[in-house]
Every structure is written in C-alpha cells, then in structure tokens.
1. If Asp128 satisfies all but one of (1) closer than 21 Å to Ile13 by Cβ; (2) not in a loop (DSSP other than H, G, I, E, B), what's the number of the condition it fails?
2. Would you point out which residue out of Glu37, Glu30, Glu23 is within 22 Å of Leu154 (Cβ to Cβ) and either in contact with a Cys (Cβ under 6 Å, 6 or more places away or on another chain) or in a helix (DSSP H, G or I) (or both)?
3. Within the stretch 247-293, how many residues turn out to be surrounded by 15 or more Cβ atoms within 10 Å (Cβ to Cβ) and part of a loop (DSSP other than H, G, I, E, B)?
4. Quick one: count up the residues across the stretch 135-166 that are touching a strand residue (DSSP E or B) at 6+ places or on another chain (Cβ under 9 Å), in a loop (DSSP other than H, G, I, E, B) and surrounded by fewer than 21 Cβ atoms within 10 Å (Cβ to Cβ).
5. Among the residues of the stretch 179-201, which ones are free of Cβ contacts under 8 Å to residues at least 40 places away in the same chain and part of a helix (DSSP H, G or I)?
6. Taking the stretch 207-220 as the region of interest, how many residues are closer than 30 Å to Pro80 by Cβ and either exposed (fewer than 15 other Cβ atoms within 10 Å of the Cβ) or not charged (D, E, K, R) (or both)?
7. Scan the stretch 93-107 for residues that are closer than 20 Å to Ile129 by Cβ and not aliphatic (A, V, I, L, M) and jot them down.
8. Kindly evaluate Lys204 against the criterion of being in contact (Cβ under 8 Å) with a residue 24 or more places away in the chain, closer than 17 Å to Asp176 by Cα and surrounded by fewer than 18 Cβ atoms within 10 Å (Cβ to Cβ).
Amino acid sequence: MAFDLSETLVVGISATALFDLEEADQLFREKLEESPETAIKEYRKYMLKREEKTLDPGTGLPLVKALLRLNKHQGDGKPPLTEVVIMSRNSPETGVRVLNTIRELDLDISRSAFTAGEDVTDYLEAFDIDLFLTTDFKDAQYVIDSQVCAAALLEKPPTNSSELSDEQVRIAFDGDAVIFSEESEIIYQKEGLEAFHKAEDEAKDIPLEEGPYADLLKKLSKLQNRLPMRVEYSPVRIALVTSRNSPAEMRVIKTLREWGVYVDEAFFLGGLPKHEILEAFKPHIFFDDQKVHLENTAKSIHAGLVPYQTNSELSIDENTKIEITRMD
C-alpha cells in the first residue's frame, strides 16, 4: 500500500531527544573507554534490566505530543496531518524500553528505525522526514550539510519550564540562517550594522533566499491550510523571534508574503534578549542558530540549535575559538 505524505508533516526524532536516556548514554561512554564490546554488553544489560521502567521526558516530548494531537482534526479518508518516526541507534532488543514508554504514554507512533549502531540519517529520505531532532551533533551536522531536511541539535530539557498545553502546537523560529539564508548576516558580520540596514532597506522588495528551515515553514503552512478552521484560529501557532529591527524588518514580512506563509506573531527585537519574549510565547520548541542565544533561553524553553553548514562563513572556528557576534 502506497502512502502519500506530501501534505503530512513528518518528524523524525532520536530516542534520546524524545526521552531522557542520559544515564544509559553516560554508562555507554564510560564503558567505551574499556572497549566497544564491553560498552555494548553493559549497555544491553542496563537497558534489558530496566525495559519495564518508564523513561523520563526528553526535550522533544512536548512537541511530539502536541503534534500528534493535531490528528484529531484529520478528515475521513485523508492522510494524517502529522506523523512521528523514532530514529534510534539502539538495537530492536535494547529499544524495547523506548517502545514500552511510547505505549505507556499512549503516543500514536507506529513507525520506527532501530539500527544497532548504524547511522540513522541514511534512512531520513526513506521515511519522508521533514524535520529531524537529535542530541547527536554529528547527525545534526550531517543532515544540515546534506540538506535532506531541517535538523536541530536539541538542548537539554529545561530545568524550570512551565506546563505546555497539547491543544496547540507553538513553534518559534529565529530568522537569518534558520528560516532565511545567511547572506544578510554575512553582510552584517563583514561590514557592520549600518551596512546591513542599508542593504536590507534597498532590497526590501527582493525576497530573501531560503534557509535550512524554509521548507519546514512552508510545510507547516500547508498543515495550517488543512485544518478545518481559519488560520487566525489555527491550533498551529508560529512565531518569528529575530534581532532584526527597522528598517530590516520589511524585507522579512514581504518574503513571507511571497512564500505564501502565514506567521502568527513576529518580534523584531533590535538586539534585545529573546528569552523573555519566548517565555511569554511558551513555544513547544524554539529553533536558533546561535548557541549564545540559547544559553539563557534553554533554561526555561525547549530549544534546538540549528548548525551552520560546515563550509559556511558563519561557522565558528573551534580551533581558535572565534566567537561570532550576531544581529539575529
């Protein structure tokens, strides 16, 4: 039976992004110092002994729960609005604890890939993944470099997050180098704020180029259109939270209009901190490309880091520890 998922938002998520497996991963890393064989043996023993014990929530769980709840609006005979796929390096045997927790929480997840240590990223296209959430930097970097889909490296679960409702899906995005390309940010880095504002004002009628999350944003827009209510009352609520300000905001608004994308809320902060705005918006997840912007935010907000492509001019040189000061 063939499945058409062209209008379904498909999220692939690693087991460690969905649930808290930090203790098990720490054990594996420690035993790996002895030998790979020892690490695999001890990890397997650990997981089998605890396979009936429910895992604690990971950073991605609130988003997954809210996305899956959208399917209550699915029309008869229509493809699902959303689908979630578990992408795990566990073996099927050690993945039983993950599957048991999914059943315990009554999550409507029916598809999974357990690869016993092999790369899960090889299977993203086969599952029609639109967004891949992981706690493994190399996996996130590979997906961003290959441009298979949007990807994010999830921060640790926030320590003092407020309770999030499952009745809405609330997603917040940074702008440049996330939704939009990094071309404008490069001008800012090389030539400064005045040159950036001048260039954006002169190009206000020219749509920005697409960034790594443009396709995801457009898929979310399709999802909004499939819901049985006006977009203003949609349970899918999208916010743009950017350090851009006047006169650089007009190009953003016109670009979204050109793409046919509806954004519920937009915040042009002009360099003000983002975390207070995000705490008020209460997103299930916030995507940003700058670690520095997530340091405070991730303490109370579920957040994901969007890596730059490896060959990007905005990449941080890890050898010399050059820090990039960003507008956005």
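1. Here Asp128 meets the rest and fails (2).
2. Working: Glu37 fails: within 22 Å of Leu154 (Cβ to Cβ); Glu30 fails: within 22 Å of Leu154 (Cβ to Cβ).
Unique residue meeting the criteria: Glu23.
3. Looking only at that region, the number is 12.
4. Let us first name the residues in the stretch 135-166 that are touching a strand residue (DSSP E or B) at 6+ places or on another chain (Cβ under 9 Å), namely 135-137, 139-144, 148-155, 157-158, 164.
Among the residues that remain, those that are also in a loop (DSSP other than H, G, I, E, B) are: 135-136, 148-149, 155, 157-158, 164.
Adding the requirement that they be surrounded by fewer than 21 Cβ atoms within 10 Å (Cβ to Cβ) leaves 136, 148, 157-158, 164.
The total comes to 5.
5. Glu183, Ile187, Lys190, Glu191, Glu194, Ala195, Lys198, Ala199
6. 7
7. Initial filter on the stretch 93-107 (closer than 20 Å to Ile129 by Cβ): 95, 98-99, 102, 107.
Selection gives Gly95 alone.
8. Working: in contact (Cβ under 8 Å) with a residue 24 or more places away in the chain: yes; closer than 17 Å to Asp176 by Cα: yes; surrounded by fewer than 18 Cβ atoms within 10 Å (Cβ to Cβ): yes.
Here the answer is yes, as Lys204 does meet what is asked.
The values are calculated or read from the model by the stated rules, or taken from the named source; none is laboratory data. In this text the structure is predicted, and so the values were computed from the model without any measurement. For neighbour counting, all protein chains shown are included, and Cβ atoms are generated from backbone atoms with ideal geometry for every residue, glycine included.
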